[in-house]
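The values are calculated or read from the model by the stated rules, or taken from the named source; none is laboratory data. None of the values given here were measured: they were computed from a predicted structure. Please note: Cβ atoms are built from the backbone with ideal geometry, for glycine as well, and neighbour counts cover all protein chains shown.
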Amino acid sequence: MAKPLKSVPTFTASFWKEIGDEVSDRIQVHTKSGRDVRDKGFKKYSTKYADAKVAGKFKRQSSRSKKPDLTLTGDMLRNLQTRSANKEGAIIGWSGTNAQKVQWNADMGREITTTAKPVTTKIENWIDKQVGARIDRNIKATNETKTFVIG
């Protein structure tokens with residue numbers, strides 16, 4: 001028997017947690033590819049920094065790429081994670097010094113995220129697709145007749 005429309009679930013905290021976790025992963029992959037939130041290449045590193053990075057001059061260094069990928073030790077990107085989730089949505093982000101590194105990179109012209117554009121268009125489209133699929137699934141959970149009065 002079909003459920004009444006009012007009892008069909010919309011979104012759950014666990015749904016949004018999964019979305020937040022996947023978005024975090026996608027941002028990490030996108031950032032490591034050397035592209036910003038607008039899908040433009042990151043501003044180049046200074047010559048001094050790029051040469052030192054290639055030469056492996058830093059402690060705990062995990063990347064020797066001269067191409068800006070915002071990865072030296074990997075700590076900053078690994079710190080991006082879902083911070084909270086409820087039935088309304090999820091909050092992802094960085095904490096402590098890693099959040100400061102993100103801001104410093106933005107100040108240097110390497111934006112991973114902005115208030116106006118929190119994720120890339122590709123990630124935004126992926127989120128829309130996931131939300132749309134969940135809405136469709138919830139609508140199909142009922143075959144209650146829906147009547148709309150207009151006017």
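Since residue 18 meets every condition but one in (1) more than 10 Å from the chain's Cα centre (by Cα); (2) closer than 23 Å to residue 114 by Cβ; (3) of a type in the set (Asp, Glu), which condition does it not meet?
(2)
Condition first: crowded, with 16+ Cβ neighbours inside 10 Å and assigned to a loop (DSSP other than H, G, I, E, B). Now tell me which residues in region 43-60 satisfy that.
Within region 43-60, 45 is the sole residue that qualifies.
If you take the residues in region 61-77 that are closer than 19 Å to residue 100 by Cα and charged (D, E, K, R), which one is surrounded by the fewest Cβ atoms within 10 Å (Cβ to Cβ)?
75
Listed here are the residues, each with its yes/no results for (1) modelled with pLDDT of 95 or more; (2) closer than 21 Å to residue 131 by Cα; (3) of a type in the set (Gly, Ala, Ser); (4) touching a Lys or Arg at 6+ places or on another chain (Cβ under 8 Å).
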| site | (1), (2), (3), (4) |
| --- | --- |
| 25 | yes, yes, no, no |
| 40 | yes, no, no, no |
| 58 | yes, no, no, no |
| 77 | yes, no, no, yes |
| 86 | yes, yes, no, no |
| 94 | yes, no, no, yes |
| 101 | yes, no, no, no |
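From 101, 40, grab the single residue that is exposed (fewer than 14 other Cβ atoms within 10 Å of the Cβ) and basic (Lys, Arg). Step through it out loud before you land on a result.
Details: 101 fails: exposed (fewer than 14 other Cβ atoms within 10 Å of the Cβ).
Just a single option satisfies the conditions, and that option is 40.
Table: residues versus (1) closer than 19 Å to residue 18 by Cβ; (2) in a loop (DSSP other than H, G, I, E, B); (3) over 17 Å from the mean Cα position of the chain (by Cα).
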| site | (1), (2), (3) |
| --- | --- |
| 64 | no, yes, yes |
| 67 | no, yes, yes |
| 71 | no, yes, no |
| 90 | yes, no, no |
| 99 | no, no, no |
| 103 | no, no, no |
| 110 | no, yes, no |
| 126 | yes, no, no |
| 138 | yes, no, yes |
